Amino acid sequence: MSVATARTALPGGIRRDGTLLQISGLQVRYEIEPVAAVQEVSLTVRPGELVGVVGESGSGKTTVVRAALGVLPFNATVVSGQIAYGGADVTHWRDRQLARVRGPFVGYVPQDPATSLNPVKKIGRQVAEGILLHDRRLKAPEVRELALGKLVTAGLTEAERVYDQYPHELSGGMKQRALIAIALASDPALLIADEPTSALDVTVQKAILDHLDQLRARFNLGVLLVTHDLGIATERASRLVVMQRGRVVEELLVGKEAPAPQHPYTRRLIAAAPSVRSARLQPAGPTGPTGPAEARAARDPEAADILVVDQVSKHYRIGHGRGAANFAAVASASFAVARGTTHAIVGESGAGKTTIARLAVGLQTPDSGTIRFEGADTTSLSAAARREFRRRVQFVYQNPFSSLDPSFSVGRLLAEPLQVHQVLSGDGLRQRVRELVTAVRLDHSYLSRRPAELSGGQAQRVAIARALALNPQLVVLDEPVSSLDVSVQGQVLQLLVDLQARHGLTYLFISHDLGVVRLIADTVSVMRRGQVVEDGPVSRIFADPRDPYTRTLIGAIPGPSGGSQWHASYT
Amino acid sequence: MTALTEPIDSPEAADEVAVARPVASPLRRALTAVRSPTLVIAWLIVLTVIAWAVAPQLFTHSNPLVGNPEQAFEAPSWHHLFGTDQLGRDMFSRVVYGSRNTLTATLYAVLVGFVAGGTIGLLSGYADGTTDAVVMRFIDVLLSVPTLLLAMTVVAALGYGVLNVALAVGIVSIASFARVMRSQVLKVVQSEYVEAARGLGSRWPRVLVLHVLPNSVRSVLSLAALEFGTAVLAVATLGFLGYGAPPPQPEWGLAVSEGRAFLDTYPWLALIPGAVIAVVVLASNRISTASRGRRR
C-alpha cells in the first residue's frame with residue numbers, strides 16, 4: 001500500500017474510516033414483478049470487518065450487491081432507502097460520479113472467474129487498466145510494477161509469468177485471484193464479493209477465502225461477502241445477514257461460540273447445511289421388504305457386491321496430429337459397491353469422477369479393466385442383455401435442465417422409459433406415472449408442466465422419478481444436488497435416502513462435496529487425478545483419514561469444527 | 001433422529017413452488033408482439049395477401065381475365081384502385097387473383113425445401129462422419145451454383161408451369177434448409193437429454209423423431225419464414241421471365257413483365273405489382289426476424 005499515501009481525495013467527501021458501507025431501508029423493484037425484489041434491507045460494513053450476506057436463490061442477495069455497487073439492471077429501480085459510501089449518500093449519484101469511486105473506494109470480485117475476465121487481453125493489462133483508470137499520470141514501468149505487486153498481493157506467486165498470460169492459460173483459482181488483483185488495483189477500502197468461490201473446488205475455495213481473510217486483516221478492508229453457503233459464512237464472517245424473499249430476516253453476530261439464531265428460517269438453513277451435519281441421514285417412512293443390506297450380505301456373501309469395478313482405465317486424446325497427447329481420465333481405478341448401500345466417489349474437478357460414472361452405466365467403455373454388474377462383464381453384453389442392463393442401471397445427471405428434454409411435459413418424461421421398454425401402456429402407464437410423481441413428493445398438477453416451468457429442486461426430483469420408473473437395481477447419481485440450494489439439497493438427499501430404503505436401491509453417488517457424502521454414503525472412494533487414493537467406510541475416512549489428500553479435503557469443508565454440536569442444538 | 005423431509009405441504013415445499021419459474025402466458029406474448037407496430041403491420045400484410053389467395057372474389061368484383069377495351073390504360077382511381085391495363089382489365093383484380101398463383105407456388109416451394117432439406121439435414125447431422133461429409137459436400141455444390149441459374153435449369157428440364165416453378169425454387173432452397181437443420185441437429189445430438197434417451201435403451205429412430213426433431217426444428221421454421229420472402233421473389237422472377245403461368249393468367253411476376261412495355265407512358269402497370277411483391281417480401285422478412293428473436 002505504498003501508493004496509499006499518494007492517493008487523491010475521494011469525491012463527495014467519502015471517508016475511508018468509519019462506516020464504509022451503510023444501506024438503510026433499501027427497497028428495489030423490478031419493472032414487471034408485482035413484489036419488490038428487495039424490501040427494507042439495512043446493513044453496514046465497517047473497516048476490518050467481514051459481513052456475510054446469506055440466502056438461497058431468489059432471496060435478493062445479488063440485487064442488494066448490484067444496488068450497493070450502483071449497477072442495477074435498467075429495469076430495476078431503487079424505490080426507497082439510502083446507500084451511503086463512507087458517510088456520503090450515493091443513492092442518486094450518476095454513473096460518471098460513481099465510476100470515480102469504483103476502484104479507489106469500492107472493489108468488486110465477481111462470481112464466475114471463467115467468464116469475468118476479458119479473454120483476449122493479458123492478465124497484466126487487465127490489472128493495469130484498473131490502476132490507470134484512476135491515476136493517468138503514471139508511467140508504463142510504474143504501472144507494470146504496481147500491477148505485479150497487486151498480483152502478488154492477490155496470492156499469485158509467479159506474478160511475472162501470470163502478467164503475460166491470457167485468462168485461458170490459468171486455472172479457475174488463479175483466475176479468481178487475478179480478479180481479486182483487479183478489484184484491489186486502486187486500493188479500495190471496501191471489497192464486495194458475490195459468491196467468489198462457488199465455481200471453485202473446495203480446496204481452492206479454502207485457499208481463496210483464507211487469502212481474502214488475510215487481506216482484510218492486513219489492509220483493514222471492509223468485506224461484504226455474499227454466499228449461499230452457510231458453512232462459509234459462519235466460518236468467515238464476523239456478522240451475518242440472513243435474507244429470505246428480499247427481506248433481512250435476521251442479523252447475527254458470529255463469535256467463538258455457536259450463534260443463537262432466533263428466526264425459524266435461519267434455524268432451518270443451519271439445520272440443512274451439509275457442512276454442519278455429520279451423521280448419515282436416516283430414512284423416514286416405510287422401509288422396503290428387503291431389509292438391511294448387512295443381513296442380505298450375511299445370507300449370501302458372494303452376491304454382496306452388485307457392481308465391481310476392477311483396474312479400470314480410460315484415456316482421452318487431446319489435440320490432433322503430432323501434438324496429440326494421451327490424457328488418463330481414469331487410471332487403474334478399482335472399487336466395489338455392495339447391494340443396498342451407497343458408495344460415493346469424491347474428488348475435485350479433473351479427478352475422473354464423472355468418467356467413472358459414465359463407465360459404470362455403459363455410456364463409455366473402458367480402455368482396460370473390467371466392470372461387472374451382477375457378476376456379468378458389462379463391456380461384452382449381447383444386444384438383448386445390454387437392453388436389460390440399461391433397464392436395471394439408471395443414471396441421474398448433475399443438471400436436470402439439460403438432461404430432461406425441454407419439449408417434453410413431466411408426464412411424458414416419466415412415461416418414456418416405460419414405453420421404451422414396453423413395460424406398461426394405457427391406464428397402467430398413467431397410473432405408474434402418477435405413482436412416480438408422488439414418490440418424489442410432487443403433486444399431480446406437475447404432470448403437465450415442462451422442465452422450464454420447474455425450479456431446480458423440482459426438476460431434479462423429476463429426473464430421479466424418471467430413473468426409478470423401471471425399478472432399477474443400481475442408480476448412478478452424478479453430482480445430483482450440487483446445483484441446488486442448501487435447503488432443497490437437504491430435501492433431495494432425504495428423498496434419495498427414503499427411496500433407497502423403500503425400494504432396496506443401490507446408489508453410486510458422485511460428488512465433489514465431502515459434506516454431502518457424509519450425509520448419504522456408507523462407503524467412499526476418494527479420487528485424485530484418475531486414481532483412487534483412499535477408500536473405506538465413510539465413518540472411518542472421516543475419523544481416521546490416512547492419505548494426506550483426504551485430510552486436505554476434509555480440512556477444506558467450510559464451517560466451524562464444532563459443527564456437529566451446533567447441529568445437535570438446533571434440532 | 002431428525003428428519004429433513006416434511007410432507008408435501010411443508011413450508012419448504014411451499015417455498016419451492018413460489019420460486020418455480022414463471023411461464024409466459026399466450027396473452028402476455030401477444031401483448032409483447034403488439035409493442036412492435038412494424039411486426040403487426042407485417043402480419044396484417046401477409047394475412048391480407050393470403051386472404052386474397054384463398055378467396056379473391058371477396059376482395060374484387062371485376063373479372064381478372066376479361067376487360068373492357070374502352071377503359072384501357074386508366075390511371076389508378078377509386079373505381080380501379082390499381083388502374084387498368086392495355087386490354088382494360090382491372091389491375092387490382094389481376095393482382096388479387098394473381099396472388100393465388102404466386103402464393104401457391106411459393107408455399108409449395110417452401111414446403112419442398114423445408115421437408116426435403118430438413119430431412120437431409122436431420123439424417124446427415126445424426127449420421128456418422130463419412131455419410132455426413134458426403135452429403136454435405138453435395139449440398140455445398142448445390143449452394144455454389146447461382147440460385148436463379150439453378151432454378152431456370154430445373155424449370156427448363158421439367159417444363160414451364162406454376163408447379164414446376166414451385167418445384168424449381170424449392171429444390172434451390174433445399175441446400176440452406178439442410179445446412180441450418182444439420183447445425184441444429186449437431187447441437188441437439190450432443191445434449192444430455194439425447195444421451196439420456198439413448199442410455200435408457202431407446203433405439204435411434206425413436207430418439208431422432210421424439211427428441212432430436214422437435215428440438216431442432218424451431219430455427220428451421222424461422223428460416224422457412226425467411227425463405228417465404230425469398231421464394232415469392234424467385235417465383236415472381238421466373239414468372240417475369242415467362243417460365244411460370246402462361247398469359248392471360250394473372251401472376252405477379254408476369255404482371256410486371258407485361259407492364260414493362262408501358263413503363264414510360266403508364267408506369268403504374270409495372271410499378272404497382274412490383275411494389276406489391278416488394279412489400280410482401282419485406283413483411284415476411286420482418287416476421288422471420290421476429291420469430292428468430294424469440295428463440296432463446
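The values are calculated or read from the model by the stated rules, or taken from the named source; none is laboratory data. Owing to the predicted nature of the structure, the values given are computational and were not obtained by experimental measurement. Neighbour counts run over all protein chains shown; Cβ positions are idealised from the backbone, glycine included.
Tell me which residues, restricted to the range A:11-57, are modelled with pLDDT under 85 and polar (S, T, N, Q).
A:Ser57
For the range B:1-71, which fully contained helices (runs of 4 or more DSSP H) count at least 2 residues that are within 14 Å of chain A (Cβ to nearest Cβ) and modelled with pLDDT of 55 or more? Step through it out loud before you land on a result.
Values: elements: B:11-18, B:26-34, B:37-54.
Result: B:26-34.
Restricting attention to the range A:139-182, which residues are outside any helix (DSSP H, G or I) and either in contact (Cβ under 8 Å) with a residue 12 or more places away in the chain or closer than 26 Å to A:Gln111 by Cβ (or both)?
Result: A:Ala154, A:Gly155, A:Leu156, A:Thr157, A:Glu158, A:Asp164, A:Gln165, A:Tyr166, A:Leu170, A:Ser171.
Under the condition of being among the aromatic types (Phe, Trp, Tyr) and surrounded by 17 or more Cβ atoms within 10 Å (Cβ to Cβ), which residue from the range A:74-130 is nearest to the chain's Cα centre (by Cα)? Even if it seems obvious, please write down each step before you answer.
Going through the range A:74-130, the residues among the aromatic types (Phe, Trp, Tyr) turn out to be A:74, A:85, A:93, A:105, A:108.
Checking which are surrounded by 17 or more Cβ atoms within 10 Å (Cβ to Cβ) leaves us with A:85, A:93, A:105, A:108.
Values: A:Tyr85: 31, A:Trp93: 35, A:Phe105: 30, A:Tyr108: 20 Å.
The extreme case among them is A:Tyr108.
Quick one: which of A:Thr378, A:Thr354, A:Thr370, A:Thr365 is over 19 Å from A:Ala331 (Cβ atoms) and more than 10 Å from every other protein chain (Cβ to nearest Cβ)?
The match here is A:Thr378.
Here is a list: B:Arg203, B:Arg218. Which entry is farther than 30 Å from B:Pro56 by Cα, of a type outside the set (A, V, I, L, M, F, W, C), out of contact with any Gly (no Cβ under 9 Å at 6 or more places or on another chain) and touching a residue at least 40 places away in the same chain (Cβ under 8 Å)?
Exactly one of B:Arg203, B:Arg218 is farther than 30 Å from B:Pro56 by Cα, of a type outside the set (A, V, I, L, M, F, W, C), out of contact with any Gly (no Cβ under 9 Å at 6 or more places or on another chain) and touching a residue at least 40 places away in the same chain (Cβ under 8 Å), namely B:Arg218.
With the requirement that a residue be within 21 Å of A:Leu170 (Cβ to Cβ), part of a helix (DSSP H, G or I) and touching a Gly at 6+ places or on another chain (Cβ under 8 Å), what does the range A:186-229 give you?
A:Val204, A:Lys206, A:Ala207, A:Ile208, A:His211
For the range A:58-69, indicate whether the set of residues that are crowded, with 21+ Cβ neighbours inside 10 Å, closer than 23 Å to A:His134 by Cα and without any contact (Cβ under 8 Å) to a residue 60 or more places away in the chain is non-empty.
Taking every residue of the range A:58-69 in turn, at least one turns out to be crowded, with 21+ Cβ neighbours inside 10 Å, closer than 23 Å to A:His134 by Cα and without any contact (Cβ under 8 Å) to a residue 60 or more places away in the chain.
Just give me the residues in the range A:396-418 being assigned to a helix (DSSP H, G or I) and surrounded by fewer than 17 Cβ atoms within 10 Å (Cβ to Cβ), in sequence order. Working first, answer last.
Within the range A:396-418, the subset assigned to a helix (DSSP H, G or I) is A:400-403, A:410-418.
Listed by number, the residues that qualify are A:Ser402, A:Arg412.
For residues in the range A:419-463 being facing chain B (nearest Cβ under 9 Å) and among the β-branched types (Val, Ile, Thr), which is nearest to B:Ala197 (Cα to Cα)?
The residue in question is A:Val420.
Here is a list: A:Ser80, A:Ser42. Which entry is within 22 Å of A:Leu191 (Cβ to Cβ) and more than 14 Å from chain B (Cβ to nearest Cβ)?
Sole residue among the options that is within 22 Å of A:Leu191 (Cβ to Cβ) and more than 14 Å from chain B (Cβ to nearest Cβ): A:Ser42.
Within the group B:Val212, B:Val281, B:Val232, which residue is under 18 Å from the mean Cα position of the chain (by Cα) and touching a residue at least 60 places away in the same chain (Cβ under 8 Å)?
That would be B:Val232, the only listed residue that is under 18 Å from the mean Cα position of the chain (by Cα) and touching a residue at least 60 places away in the same chain (Cβ under 8 Å).
Please enumerate the residues belonging to the range A:159-170 that are within 23 Å of A:Asp187 (Cβ to Cβ) and surrounded by fewer than 19 Cβ atoms within 10 Å (Cβ to Cβ).
A:Glu160
All but one of (1) surrounded by fewer than 22 Cβ atoms within 10 Å (Cβ to Cβ); (2) farther than 19 Å from B:Val96 by Cβ hold for B:Val279, so report the exception by its number.
(2)
Please verify whether B:Gly259 is farther than 29 Å from B:Ala156 by Cβ, more than 24 Å from the chain's Cα centre (by Cα) and modelled with pLDDT under 90, treating the condition exactly as stated.
Considered against the rule, which asks whether it is farther than 29 Å from B:Ala156 by Cβ, more than 24 Å from the chain's Cα centre (by Cα) and modelled with pLDDT under 90, B:Gly259 comes out as no.
Within 12 Å of another protein chain (Cβ to nearest Cβ), at pLDDT below 65 and out of contact with any strand residue (DSSP E or B) (no Cβ under 8 Å at 6 or more places or on another chain): does that describe A:Arg277?
yes
Please return the ranges of strands (runs of 3 or more DSSP E) entirely within the range A:499-541 where 2 or more residues are more than 24 Å from the chain's Cα centre (by Cα) and buried (at least 21 other Cβ atoms within 10 Å of the Cβ).
Answer list for the range A:499-541: none.
Which numbered condition trips up A:Ser313, out of (1) touching a helix residue (DSSP H, G or I) at 6+ places or on another chain (Cβ under 7 Å); (2) at pLDDT 90 or above; (3) in a strand (DSSP E or B); (4) over 20 Å from A:Asp522 (Cα atoms)?
The single condition A:Ser313 does not satisfy is (1).
Go over the candidates B:Val155, B:Val256, B:Val188, B:Val235 one by one and state the one that is within 14 Å of chain A (Cβ to nearest Cβ) and either buried (at least 19 other Cβ atoms within 10 Å of the Cβ) or more than 30 Å from A:Arg390 (Cα to Cα) (or both).
Step by step, each of B:Val155, B:Val256, B:Val188, B:Val235 is checked, and only B:Val188 is within 14 Å of chain A (Cβ to nearest Cβ) and either buried (at least 19 other Cβ atoms within 10 Å of the Cβ) or more than 30 Å from A:Arg390 (Cα to Cα) (or both).
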